[in-house]
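Novice: Just passing along the structure, written as structure tokens.
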Amino acid sequence: MTATLPSPAAAALDALDALESESIHIFREVAGEFDRPVILFSGGKDSTLLVHLAVKAFAPAPVPFPLLHVDTGHNYPEVIDFRDRLVERLGLRLEVAHVQDWIDDGRLTERPDGTRNPLQTVPLLDSIVEHKFDAVFGGGRRDEERARAKERIISLRDAFGRWDPRKQRPELWNLYNGRHAPGEHVRVFPISNWTELDVWRYIQREGIELPSIYFAHEREVFRRDGMWLAEGPWGGPRGAEALEARSVRYRTVGDGSCTGAVESTATTLDEVIAEVTASRLTERGATRADDRLSEAAMEDRKREGYF
């Protein structure tokens, strides 16, 4: 009798089922072990995936913890509109830490380059302390960037919110160590083992809505440091830079001053998945200027408390 091998499509679905099961298990473990978890939410595809998985983990009950958005004030309007619609539709609780509030009262100072992405750390840490959050869910994946690849699924932060890669704990057989001293907290990464392609395939399978900027659209952009940036309150274009209309989409969302678009005609999930499959750059490597500052840019910020 000849054995029948599973089709590639069936194998992919089996892999997605396994990833989904692992993520839901992590959500439930943290909900049972910690007192005040929170989901860090940006409106991007990875944090939207987290919300979808959290809803699945606790249905038919509501998600038992809030969302926290550290808003730089330089977000794309489409993303903020999507965030607010999602929160209302799912009946979620949303806490927003506005970077502008920290600038207005002198706790932060605007950077000369206009980017606010590095300014998110202080509002994030202050919000964790204020709300006494002890477990902070994030959408980091190990395929994004080398510093993220060093993370465990549950990653300890000290009383100052700092990360020390030398103090990572072993995680064997899906056993997660959430022990922490008073004042410490943990960051939790339920989709650590997902890839960008896994995320897009799962979004397609589950019919998850995303901000429209993830799909190709015409936008006025200018070229800087090899990336297409949009005009906005963060400044630009400057000097010889000039706006031009291009068909673009975003692979990741964030502060508009350092989040670039990629030229694309992909208007459907099938077309986006085909693009991602052919790409040899991660979304952060292709479109995030703040990750190009140095070889250790992300690791330096993580040590300071950045996500």
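Novice: Whether any residue in the range 200-216 is of a type in the set (S, T, N, Q), at pLDDT 95 or above and more than 21 Å from residue 81 (Cα to Cα) is what I want to check.
Specialist: Quick first cut of the range 200-216, residues of a type in the set (S, T, N, Q) only: 204, 212.
The next check asks that each one be at pLDDT 95 or above; those that pass are 204, 212.
Filter again for more than 21 Å from residue 81 (Cα to Cα), leaving 204.
The answer is yes; a qualifying residue exists.
Novice: Just checking, which of 215, 189 is touching a Lys or Arg at 6+ places or on another chain (Cβ under 6 Å), aromatic (Phe, Trp, Tyr) and open to solvent by less than 50 Å² (accessible area, probe 1.4 Å)?
Specialist: When all the criteria are applied, what remains is 215.
Novice: Scan the range 92-99 and tell me whether some residue there is among the basic types (Lys, Arg) and closer than 28 Å to residue 224 by Cα.
Specialist: No, the range 92-99 has no match at all.
Novice: Something else now. Please work out which residue is nearest to the chain's Cα centre (by Cα), limiting yourself to the range 247-261 and to residues that are open to solvent by less than 10 Å² (accessible area, probe 1.4 Å) and over 18 Å from residue 120 (Cα atoms).
Specialist: We begin by selecting, within the range 247-261, every residue open to solvent by less than 10 Å² (accessible area, probe 1.4 Å); these are 248-250, 255-256, 258-261.
Remaining after also requiring over 18 Å from residue 120 (Cα atoms): 248-250, 260-261.
Details: 248: 20, 249: 17, 250: 13, 260: 15, 261: 16 Å.
Ranking the candidates gives 250 first.
Novice: Given the conditions (1) open to solvent by 20 Å² or more (accessible area, probe 1.4 Å); (2) within 27 Å of residue 162 (Cα to Cα); (3) touching a helix residue (DSSP H, G or I) at 6+ places or on another chain (Cβ under 8 Å), and given that residue 96 satisfies all but one, which numbered condition is not satisfied?
Specialist: With (1) open to solvent by 20 Å² or more (accessible area, probe 1.4 Å); (2) within 27 Å of residue 162 (Cα to Cα); (3) touching a helix residue (DSSP H, G or I) at 6+ places or on another chain (Cβ under 8 Å) applied to residue 96, the lone miss is (3).
Novice: Does the range 19-33 hold any residues that are open to solvent by 10 Å² or more (accessible area, probe 1.4 Å) and either more than 20 Å from residue 207 (Cβ to Cβ) or modelled with pLDDT under 95 (or both), and which are they?
Specialist: Listed by number, the residues that qualify are 22, 25, 28, 29, 31, 32, 33.
Novice: Residues to consider are 142, 166; find the one that is modelled with pLDDT under 90 and surrounded by 17 or more Cβ atoms within 10 Å (Cβ to Cβ).
Specialist: Result of the check over 142, 166: 142.
Novice: For a quick check of your reading: which helices (runs of 4 or more DSSP H) sit entirely within the range 246-307 and have at least 2 residues that are at pLDDT 90 or above?
Specialist: Once the helices (runs of 4 or more DSSP H) in the range 246-307 are filtered for at least 2 residues that are at pLDDT 90 or above, what remains is 269-278.
Novice: Quick one: which residue in 191, 208, 203, 213 is among the β-branched types (Val, Ile, Thr) and under 28 Å from residue 159 (Cβ atoms)?
Specialist: None of the other options fit; the residue is 191.
The values are calculated or read from the model by the stated rules, or taken from the named source; none is laboratory data. Everything numeric here is computed off the predicted structure, so don't read it as measured data. Counting neighbours? That spans all protein chains shown, and the Cβs are built from the backbone with ideal geometry, glycine included. Areas reflect the complete protein model, heavy atoms only, side chains present, ligands, DNA and RNA absent. Shrake-Rupley method; radii C 1.70, N 1.55, O 1.52, S 1.80 Å.
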